[in-house]
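Engineer: Below you will find the structure I want to go over with you.
Every number in this text was worked out from the coordinates using simple rules, so none of it is lab data. Predicted model, so just to flag it, every value in this text is computed and none were measured. Here Cβ is always computed from backbone atoms with ideal geometry, including for glycine, and neighbour counts include all displayed protein chains.
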Amino acid sequence: MRNADPGLFRRYSERQVLRSPCQHPGKLQVLLSGYAKISAVSETGQEDILGFAMPGDILGLDALTTHTIPSEIIFLTEAMAGELTLEDAIGLEGSVGGLGEGVGNLISRELLRTQWRNRFVRNASVKTRVAQFLLELGRRFDEIDLPSHKYRLFMPREDIAIFLGMTQCTLSRTLHVLCKSGLIDIDGSRWIEILDPIGLNHV
């Protein structure tokens, strides 16, 4: 990475907030390890989870165009992240996740994820939302060379429910239905195995 300052890379503890809204506009963050959620507070004071970050994700891309950061990055596990300038991001040649893709491709990928969320949360049935979330999560694990059909959810079910626009009770009930249908297997509260990805995609 060009002009990288090692002092800008820091370790973060679980539940630590990386930054608050409108702080450090125009800056980017790269998540090197660990997992996080991106959330904002709605006008009614309720938390709205905008997405989940995995190793290789660059955070703060919205600040390049709006010059504001309307969200908080809250770590769900211990993690390491670093601050980047736009010049650093353009010159990235790393191998973590999608860091070698270039900023243009990264922005396109984030836009697609936003469109994916808007499409399914606003228009799809509860079962479809949950099914597509599990498949999308598997695809993202595959991008960072982790198993895509059996994985551990790094976020609590409460956060998933908020992200998908449903109650936690509805989420748990829907997971149980998908499990009884033979589409997935659940081990405890966090481990998911996708048994029939084609069938799950057609829910």
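Engineer: Residues with beta-carbon under 13 Å from that of C169, excluding C169: net charge, scoring Lys, Arg +1 and Asp, Glu -1? Let's see the in-between values first.
Structural biologist: On the way: positive: R157, R173; negative: E158.
Around C169, the charge tally is +1.
Engineer: Considering only the other residues whose Cβ falls under 10 Å of the Cβ of R190, what net charge follows from Lys and Arg at +1 and Asp and Glu at -1? Could you put the intermediate results ahead of the total?
Structural biologist: Details: positive: R152, R157; negative: D187.
Here the charged neighbours net out to +1.
Engineer: Would you mind putting 148-161, 184-197 in packing order, based on average other-beta-carbon counts within 10 Å, highest first? Walk me through the intermediate numbers first.
Structural biologist: Numbers: 148-161: 16.7, 184-197: 14.7.
Going by the mean number of other Cβ atoms within 10 Å, highest first, we get 148-161, 184-197.
Engineer: Search the structure for amide H atoms under 5 Å from the amide H of L76, placed 1.01 Å from N in the peptide plane, and list their residues when 5 or more places away or on another chain.
Structural biologist: Those lying under 5 Å, H to H, from L76 are R15, Y35, A36, K37.
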